[in-house]
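The structure appears right after this line, and notes come after that.
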Amino acid sequence: RKKEVSYLLVGPKNKPVSQWFTPVSENGGLVKQLLGASLIASICEMCGASYIFFDEMFCSGDPVTVADISPFFKSLLDKGIQLAIIEHKPSLYEGVTRREIHLGKDRINTGAVRILRTEDKEPEE
């Protein structure tokens, strides 16, 4: 809710100052979510986790921004870490290769959750 967001840039000591840039974001919520996801992923990787579960990880994002940060997902997948992301807005991930599992809940009788359908999705060109 603050109008100011602080960033700490950490990089190689031999990088010239002229090559540093100030990150710009109009969406402070997304920045916080990305930082949180990065921290969780780093801790899980250090602990040897092979599976990370995120619940609405980038709900403050938009499809273009989430697609722009898809290298974050790819880097984790390349390290052999499987990602499970619960999301009520699957359109956020239109630019990301993924498998969507659509679930339905019987809210009247049993409360049981069942798989409605599974779809493999590729980014549209």
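Computed quantities for the displayed model
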item	result
Search result, residues across segment 78-125 that are open to solvent by 100 Å² or more (accessible area, probe 1.4 Å) and either small (Gly, Ala, Ser) or touching a residue at least 24 places away in the same chain (Cβ under 8 Å) (or both)	Lys79, Gln82, His88, Glu122, Glu124
Segment 79-125 - residue that is hydrophobic (A, V, I, L, M, F, W, C) and not in a strand (DSSP E or B) and, of those, farthest from Phe58 (Cα to Cα)	Ile108
Residue under evaluation Ser75, criteria (1) open to solvent by less than 80 Å² (accessible area, probe 1.4 Å); (2) in contact with a Cys (Cβ under 9 Å, 6 or more places away or on another chain); (3) of a type in the set (Ser, Thr, Tyr), criterion not met	(2)
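The values are calculated or read from the model by the stated rules, or taken from the named source; none is laboratory data. What you are looking at is a predicted structure, and each value in this text was computed from that prediction instead of being measured. FYI the Cβ positions are ideal-geometry reconstructions off the backbone, even for glycines, and counts take in every protein chain you see. Accessible surface areas use protein heavy atoms only, side chains included; no ligands, DNA or RNA. Shrake-Rupley method; radii C 1.70, N 1.55, O 1.52, S 1.80 Å.
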